[in-house]
Amino acid sequence: MSYPLSERMRKLQPSPIREILKIASDPSFIPFAAGNPAPEAFPTQEIARITAEILAENPIGALQYAVTEGYNPLRETLKSFLMDSYNIGRETDELIILSGAQQAMDFTCKVLCDEEDVIIVEEPSFVGALNTFRSYRAHLIPVKLEEDGISLEKMEQALQEHAGRVRFIYLIPTFQNPSGLTMSLAKRKAVYELAKRYHVLIMEDNPYGELRFSGEHIPPIKSFDEDGLVIYVGTFSKVLAPGIRIGYACGPKEIIAKMVVAKQCNDTHTNIMSQILCYRFMTENDFGQHLEFLRGVYRKKSSLMIDNLDRLVGDKISYTRPNGGLFTWCELPPGVDMLAFVQALLESKLAVVPGNAFMVDPAQQVSTFRMNYSTPTDEQLVRGVEILADVVGRTL
């Protein structure tokens, strides 16, 4: 039988990262394609203790329906954390707890976008966000990513060319996925001023901001949002555990109120057990010390990958040197067939993500690929770079 798929889903394809991970699920593969937190970063003992206490003390409260906006003690704790850490939150803002940061992208589109409305995105950008935007049949306008963030010249050009149709600008300013790059403070302020001038919202996605392990802190764009232009998105996936599916959005009250309605049409409320777990983890533990532990884990892993890249392929390919987050972005010399190169890595049991997966037009030819250092073990990191060096030696 031929099934009548909706127009909005007919052309959507599965995430190429998820498809690669299916191939690389074989334990003999080295998982440079993943984006999972390091296994040693999970506070499993604390999670087990808190979960047991929740079920012993208030099982019905943890298993019953809950309010759509989120568990209020967690919301208030997050508001204090965002203000104390980043100067985020104004009288005109509100915060909603979501089923992961991905839901914030979905609801932002649902609330703001009609078909063929324009969303400006960095290129490259997070494939999960791109697919979400495509599912609403939005018109995606890519803007080149430079060493210090999105191109201001190209961004303003896009704002001018699509004046009146741009619903928001999607940015990952800190340890960007997939590039690992960080937008400078000067450029963050300039981006905000452009959005203000053209009356356009910004969605600031910050899943990695707490994972800075070197360099100076740069405040989020939302920290100087006095005009209600920024929807700030955070998550517990990288600082606690992705499986609990807890994210949040802080933005203008009117938009968050519509997100509440969108959520009531979607999943009613976020997992209340997980929300209570996050609240108690933040308030019963030294959350700052936990974040410092995570930074130490990723500082070591990043250094191990970069040091071995420098030693074995530094004169053959280029790659970013992140100050935090989970990824480095690699570029092959001109003329090298990137897809054939990535396939050669797969045949050698090393999985990476081809760069075209992060482009608005995945059919375009690029010479880049993404590597992750958080998921592999230290031994896999060393061995993986050795495999990369071997393929580089045979193909370049």
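The values are calculated or read from the model by the stated rules, or taken from the named source; none is laboratory data. Computed from a predicted model, the values in this text were never measured in an experiment. Cβ coordinates were reconstructed from backbone atoms using ideal geometry, including for glycine residues, and neighbour counts include every protein chain displayed. We work out accessible area using only protein heavy atoms, side chains counted, and drop any ligands, DNA or RNA first. Shrake-Rupley method; radii C 1.70, N 1.55, O 1.52, S 1.80 Å.
From the alpha carbon centroid of segment 290-352 to that of segment 122-197 is 24 Å. Computed from label points 7 Å out along Cα-Cβ, the spacing between residue 196 and residue 284 is 4.4 nm. Per residue, the accessible area of segment 22-160 comes to 45 Å², computed with a 1.4 Å probe over protein heavy atoms only.
Checking the Cα-Cα distances for 79/222; 187/238; 144/222; 110/258; 154/316; 187/222 against a 20 Å cut-off, the pairs over it are 187/238; 144/222; 154/316.
In this calculation the C-beta distance from residue 60 to residue 383 is compared with R0 = 41 Å, giving a FRET efficiency of 0.25. Taking a ≥ b ≥ c as the square roots of the eigenvalues of the Cα gyration tensor, segment 195-244 is classed as oblate, since a/c reaches at least 1.5 and a/b does not exceed b/c. Ranked from largest to smallest solvent-accessible area, with a 1.4 Å probe on the protein heavy atoms, 106, 227, 337 come out as 337, 227, 106.
In segment 303-336, which residues have a backbone nitrogen under 19 Å from the label point lying 7 Å from residue 361's Cα in the Cα-to-Cβ direction? Under cut-off, by backbone N: 335. Each helix, a run of at least 4 DSSP H residues, gives -39500 (n - 2.57); summed and divided by the residues of the chain, these come to -13500 deg cm²/dmol at 222 nm.
Close amide H pairs (under 5 Å, H built 1.01 Å from N) link residue 318 with 331, residues at least 5 positions away or on another chain. Taking amide H positions as modeled 1.01 Å from N, with prolines and chain starts lacking one, the residues under 5 Å from residue 30 and 5 or more places away or on another chain are 350, 351. Per residue, the average separation of C-alpha pairs within less than 8 Å and at least 6 apart gives the chain a relative contact order of 25 percent. Using a simple spin-label model with pseudo-atoms 7 Å out from Cα toward Cβ, residue 340 and residue 303 lie 3.9 nm apart.
How many nm is it between the label spots at residue 161 and residue 90, if each spot is 7 Å from the Cα in line with the beta carbon? The answer from the label model is 3.1 nm.
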